[in-house]
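Taking it in order: structure first as structure tokens, then the write-up.
Since every read-out is calculated from the coordinates, none of them should be taken as a lab result. Worth saying up front: this structure is predicted, and the values here are computed from it rather than measured. Here the Cβ positions follow ideal geometry from the backbone for every residue, glycine too, while neighbour counts run over all protein chains shown.
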Amino acid sequence: MRTKEVLVLSYQESWKDDFEKIAKELQEALGNLILRIEHVGSTSVPELSAKPIIDIDLVIACDTDLSEVIKALAAIGYIHEGNLGIEGREAFAYSGKEHLQVHHLYVCPEDSPELKRHLAFRDYLRSHPEAVLAYGNVKEKAAKLFPKDIDSYIAYKSSIIEEIYKELEK
């Protein structure tokens, strides 16, 4: 699902609505199999420049049968990809979702360190406008430097992400 092209846009108010449309479809399909749906990633942070891709974590109870979640998601066009090398997070690709904004979908148990990391990062940025500005500037510069190389884009912004994680540890 990952693209090689890099497009970073100024924050778009429409990303909230895009998330809500996706979340509504997911909630209708999954019902009580999930505890909640979290909008994470850069599109979830007001005023942060981002790639126009909505990141979503579906939170399940630790004792929820993942195979039931996988079946329910498969019924609406999602394909389980495994954890893609990151423990505590199951990734899903999709087809037939042209009516929705491009998105990344993950399923995480509520005690997942990866879920906690996503939420802590998002919440830190939401409450630190100076970090939003700095991170957004780095992302915009990285996109200009590496418009067709997602791996170099990711590498370029990794140091500021590490700085933010160090702030979270304080």
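So what is the relative contact order of the chain, in percent, for Cα pairs below 8 Å that sit 6 or more residues apart?
Reported relative contact order: 25 percent.
Once every DSSP H run of n ≥ 4 in the chain is given -39500 (n - 2.57) and the sum is divided by its residues, what mean residue ellipticity at 222 nm do you get, rounded to the nearest 500 deg cm²/dmol?
About -15000 deg cm²/dmol.
Is there a pair in K4/K157; K24/K170; K116/K166 whose C-alpha atoms are over 26 Å apart, and which pairs would that be?
Beyond 26 Å: K24/K170.
For every other residue with a beta carbon closer than 10 angstrom to the beta carbon of P46, add +1 if it is Lys or Arg and -1 if Asp or Glu, then tell me the sum.
0
Which of the listed residues, L145, I161, H128, is farthest toward the dipole's positive end in the range 124-168, when Lys, Arg count +1 and Asp, Glu count -1 at the beta-carbon?
Farthest towards the positive pole: L145.
Tell me the label only: which of (1) 1.03; (2) 1.20; (3) 1.32 is Cα Rg over 2.2 N^0.38 Å as calculated from this structure?
Recomputing Cα Rg over 2.2 N^0.38 Å here picks out (1).
Hey, can you list the DSSP H helices of the chain whose Cα span along the axis is 15 Å or longer and whose average Kyte-Doolittle score is at least 0.0?
The answer is none, since no helix passes both cut-offs.
Please work out how much length the chain gains when fully extended from I161 to D123, using 0.36 nm per residue of separation minus the C-alpha to C-alpha distance, in nm with one decimal.
Stretched out fully, the I161 to D123 stretch lengthens by 12.3 nm.
Any idea what the dipole of the chain comes to, in debye rounded to 20, about its Cα centre with Lys/Arg Cβ at +1 and Asp/Glu Cβ at -1?
With Lys and Arg at +1 and Asp and Glu at -1, about 540 debye.
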